[in-house]
């Protein structure tokens, strides 16, 4: 893959993605008003989405933290945990895509142990056809069918994260 479109079919343009991000921010604002928010970014795929989403809250106190969860055998381990005390805070996990949901369910439970006011999930793309664990986003940009997508932080063997648009990857 030498560039962002070789061997791929366009799925969402950067303009369409921007509209989805604004829609998610509007959903969150309608629920939280100007309440302070703590955004948690699961690494690596959500980095671009969390940056764009955070900029939509110009009149809101927003903090951002990062977490990295890895699967290990039948379970998960937190390879890099958040650094902020989230006790009593409104926490939103910002996920670029929800697929099987197993890691996200683990992460939500893990964060809940720190006694935040709430833990919610915002996702750009929701792929419920692949769900293995009952986890549902609180805020969704777009529900998609079972397709493999890359771009806007999503990758194929670490490539494609830098694409501004989202593509169907032709395997």
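Bear in mind that the values in this text are calculations on the coordinates, not laboratory data. Values in this document were obtained by computation on a predicted structure and should not be read as measured data. Cβ placement follows ideal geometry from the backbone for every residue including glycine, while neighbour counts extend to all protein chains displayed.
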Q) Ranking 74, 19, 132 by Cβ neighbours within 10 Å, fewest first, what do you get? A) 74, 132, 19
Q: Obtain the nm distance between the two label points defined at residue 148 and residue 129 by a simple spin-label model: each point lies 7 Å from its Cα along the Cα-to-C-beta direction.
A: 1.5 nm
Q.
I'd like the antiparallel share, as a percent to the nearest 5, of DSSP beta bridges with both residues in segment 43-171.
A. 45 percent
Q. Stretch residue 79-residue 110 to full length: gain in nm at 0.36 nm per residue minus the Cα-Cα span?
A. 9.9 nm
Q: Work out the P(r) tail for the chain: percent of alpha carbon pairs separated by more than 21 Å, whole number.
A: 46 percent
Q: Please work out the Cα center distance from segment 5-60 to segment 103-171, rounded to the nearest Å.
A: 12 Å
Q. Say each of residue 136 and residue 100 gets a label point 7 Å from the Cα, pointing the same way as Cα to Cβ; how far apart are those two points in nm?
A. 2.3 nm
(Q) Using a 10 Å cut-off around each Cβ, can you sort 77, 17 from fewest to most neighbouring Cβ atoms? (A) 77, 17
**Q.** Residue-averaged [θ]222 nm for the chain, counting only DSSP H segments that reach four residues, each worth -39500 (n - 2.57)
**A.** -7000 deg cm²/dmol
**Q.** Per-selection metrics, segment 14-53 (Cα): Rg and Dmax in Å
**A.** 11.0, 28
(Q) Taking a cut-off of 17 Å, what percent of all Cα-Cα pairs in segment 31-80 are separated by more than that? (A) 45 percent
